[in-house]
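Asks: I have a structure here, written as structure tokens, and I will follow up with some questions on it.
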Amino acid sequence: MSIHIKGITFLASLLLASAAFAAEGTSERFQKLDLDGDGRISSTEASRDTQLSAVWDQIEKKDDGYLDRSEFSAFETMEESNVAE
């Protein structure tokens with residue numbers, strides 16, 4: 001029984017560490033827009049950001065109705081390069 005509890009404790013610790021690592025790689029802007037905390041931004045959540053809404057169709061590549069972290073990262077990179085020009 002104690003081995004089972006240790007295994008569960010280990011898995012729980014691993015999951016918490018993974019969540020913390022994932023959150024570290026997420027921009028503050030992404031976290032603010034992701035109102036429900038599901039790790040993706042819906043078009044409804046994106047509507048709070050006029051710049052993001054304006055290019056939604058260009059950056060939402062998976063056609064699933066959401067931006068994941070990689071799609072949002074591409075948006076931020078695109079936005080940074082537009083500012084640099």
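Asks: Note down the nm distance, to one decimal, between modelled labels 7 Å out along Cα→Cβ at residue 54 and at residue 35.
Replies: Those two pseudo-labels are separated by 2.2 nm.
Asks: With θ taken as phi - 60° and the coefficients 6.51, -1.76 and 1.60, list the Karplus ³J(HN,Hα) couplings across the range 64-81 in order, rounded to whole Hz; mark glycine and proline as x.
Replies: 10, x, 9, 9, 8, 4, 5, 5, 5, 4, 4, 4, 5, 5, 4, 5, 5, 5
Every number here is computed from the coordinates shown, using simple stated rules; none is lab data. None of these values were measured; they are calculated from a predicted model. FYI the Cβ positions are ideal-geometry reconstructions off the backbone, even for glycines, and counts take in every protein chain you see.
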